[in-house]
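Encoded as structure tokens, the structure appears first; notes follow it.
Where a number appears in this text, it was derived from the coordinates with a stated rule and is not lab data. Model, not experiment: these values are computed from the prediction. Cβ: placed from backbone, ideal geometry, glycine included. Neighbour counts: every protein chain shown.
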Amino acid sequence: MSTTHRPRSEALYAEALQHIVGGVNSPSRSFKAVGGGAPVFMKRAQGAHFWDVDDNRYIDYLCAYGPIITGHAHPHITAAISSAAANGTLYGTPTELEITLARMLKEAIPSLDKVRFVNSGTEAVMTTIRVARAYTKRSKIIKFAGCYHGHSDLVLVAAGSGPSTLGIPDSAGVPASIASEVITVPFNDLDGLRTALDTFGGDVAAVMVEPIVGNFGMVMPEPGFLEGLCRMTREAGALVIYDEVISAFRFHYGGAQTYAAFPDHAAIEPDLTALGKIIGGGLPIGAYGGRKAVMEQVAPLGPAYQAGTMAGNPASISAGIACLDVLRQPGAYDRMDAQAAALAAALQASADRHGIPLTINRIRGSFSAHFCSHPVTNYDEAQDTDGERFAQFFRLMLDQGICLAPSKYEAWFLTTAHTDDDIAATIAAAEHAFSVMKG
Ligand code: PLP
């Protein structure tokens with residue numbers, strides 16, 4: 001396999017450093033955790049492939065950290081965006097398109113009696129917290145260690161993938177008074193949650209969780225965890241907030257809360273849900289929604305204020321509708337599932353053959369590969385994995401044209417555009433990488 005050379009990326013990175021803080025517009029794009037140096041500057045993407053500014057081609061498993069699930073520049077989505085652009089990109093008035101996407105979300109995720117569109121997952125989560133506080137008239141939030149919920153102040157405590165990758169578990173600039181409103185409990189630990197609720201229950205507005213974790217690898221809740229979480233939270237008079245910014249529409253056409261792996265959907269239904277990523281088809285979006293009585297706290301009906309100049313813009317909404325159209329096609333998820341299963345099994349076999357400890361957590365068309373020999377069910381276990389080995393693997397794969405996220409905590413994502421040839425090429429690249437790592 002050929003090795004990529006990236007002199008133009010290096011030159012652009014040097015230039016970017018002059019103008020853009022850290023040379024990147026999101027810290028997760030930096031290569032700090034994988035040995036440093038220039039990240040790859042891409043210039044084009046089509047289907048499951050990227051081309052960089054040096055004309056190297058890559059197979060993409062980063063998928064923009066989750067939103068890209070139909071491949072890049074899918075013709076149906078591109079046509080929807082073009083048509084939205086031709087009709088004007090921003091009105092500042094309601095549109096019929098917003099109703100269409102809201103209906104599609106409600107049909108797929110029935111706990112959403114009412115929704116509101118915003119511009120990012122961060123905004124969606126931030127607002128669910130405000131709404132929960134308005135509804136309960138309480139202030140504290142319980143979250144789970146390693147779950148990332150965007151970069152608003154409250155949820156940057158023990159915040160998973162991005163901050164952890166860069167060794168910033170608790171961000172500077174978050175006042176101690178705000179951090180003191182957040183109680184952190186290990187994921188999959190109902191006893192820990194019980195203790196937190198017993199201690200702070202009367203002050204807790206909400207328990208916030210990624211119902212299927214995507215931010216310290218892909219981690220399923222243990223059987224009974226979500227049921228117990230919902231029951232205990234309600235007994236304490238608090239609301240359950242699911243952050244489904246990654247998980248919604250990633251594993252099937254719906255949320256984690258409607259996923260077949262959970263036998264009793266009524267027992268795990270949240271009061272509020274935050275959405276983002278896939279529902280914008282690759283354009284900026286977020287949404288939140290939930291029970292009618294709770295959502296009616298939001299202005300103009302209620303006293304909790306939330307607004308947005310760009311919210312519900314026709315381009316993002318059209319792209320989201322088009323993306324969900326593609327995902328609704330029969331077999332879309334089964335194909336990603338089968339390809340991810342084949343890829344994960346081959347990676348495991350190859351690592352085993354070369355004596356490299358590897359634990360793969362796969363959920364349908366996405367998985368995380370942890371360099372360790374223990375299971376990864378919570379944040380501590382995800383931290384206790386070999387970051388140097390990951391960095392070596394990441395670079396060996398990149399040099400063979402396989403694009404992964406530059407962090408040991410991030411997932412691999414399949415799309416409807418990956419081909420069997422892409423999977424075979426990735427398996428061959430991994431075999432080479434593991435053979436070099438062994439030596
Ligand atoms: N919630 C989860 C679970 C996420 O993974 C992310 C981003 O990765 C966010 C919220 C924040 O979304 P955004 O980056 O769109 O603000």
Per the helix-only model, the chain has a calculated mean residue ellipticity at 222 nm (DSSP H runs of ≥4, -39500 (n - 2.57) each, divided over all residues, rounded to the nearest 500) of -11000 deg cm²/dmol
Once the in-chain neighbours fewer than 8 apart are removed, the aspartates and glutamates whose Cα is under 12 Å from Lys438 read Asp352
Exposure-ranked with fewest Cβ neighbours within 10 Å first, Met336, Met232 stand as Met232, Met336
Relative contact order in percent for segment 75-327 (Cα pairs under 8 Å, 6+ apart) equals 31
The long-range amide H neighbours of Ile142, using H built 1.01 Å from N in the peptide plane and a cut-off of under 5 Å, are Ile183, Ala206, Val207, Met208
Pseudo-spin-label distance His374 to Thr199, built 7 Å along Cα→Cβ, given in nm, is 2.2
Under the Karplus relation with 6.51, -1.76 and 1.60 and θ = phi - 60°, whole-Hz ³J(HN,Hα) for segment 379-386, x at Gly and Pro, equal 5, 4, 5, 6, 5, 7, 10, 8
Non-local residues with an amide H under 5 Å from the amide H of Ala274, with H modelled 1.01 Å from N and Pro and chain starts lacking one, are Tyr242, Asp243, Glu244
FRET efficiency for Ser139 and Arg328 from the Cβ-Cβ distance with R0 = 35 Å, rounded to 0.05, comes out at 0.30
Compactness check, segment 206-333: C-alpha Rg relative to the 2.2 N^0.38 Å globular estimate gives 1.12
From fewest to most C-beta neighbours within 10 Å, the residues Tyr305, Tyr148 line up as Tyr305, Tyr148
Here D for segment 75-327, in µm²/s, from Stokes-Einstein with a Kirkwood Rh over Cα pairs at 10 °C and 1.306 mPa s, works out to 87
Of the convex hull enclosing the alpha-carbon atoms of the chain, the direction-averaged projected area in nm² is 20.4
Cα-Cα pairs in segment 264-313 separated by more than 18 Å, as a whole percent of all pairs, come to 45
In nm, the gap between the two label points placed 7 Å beyond Cα toward Cβ at Gln348 and Ser171 is 3.7
Yeah, segment 1-83 with a ≥ b ≥ c from its alpha-carbon gyration tensor (a/c under 1.5 is rounded, else prolate when a/b outruns b/c, oblate otherwise) is prolate
Computed over segment 33-173, the relative contact order (Cα-Cα under 8 Å, seq sep at least six) in percent reads 11
Most packed first (mean Cβ within 10 Å per residue), the peptides 86-96, 209-219, 427-437 order as 209-219, 427-437, 86-96
Given a Förster distance of 41 Å, the FRET efficiency implied by the Cβ-Cβ spacing of Ala86 and Ala299, rounded to the nearest 0.05, works out to 0.80
For segment 75-327, the count of lysine pairs 8 or more apart or interchain whose alpha-carbon atoms are under 22 Å apart comes to 8
Note on segment 283-426: C-alpha Rg/Rh, Kirkwood Rh, two decimals, gives 1.09
Per the Kirkwood formula over distinct C-alpha pairs, the hydrodynamic radius of segment 1-148 in angstrom is 19.5
Restricting to Cα pairs under 8 Å and 6 or more apart, the percent relative contact order of the chain works out to 23
With x for Gly and Pro, the residue-by-residue ³J(HN,Hα) of segment 266-271, computed from phi through the Karplus equation 6.51 cos²θ - 1.76 cosθ + 1.60 at θ = phi - 60° and given in whole Hz, is 4, 6, 10, 6, x, 8
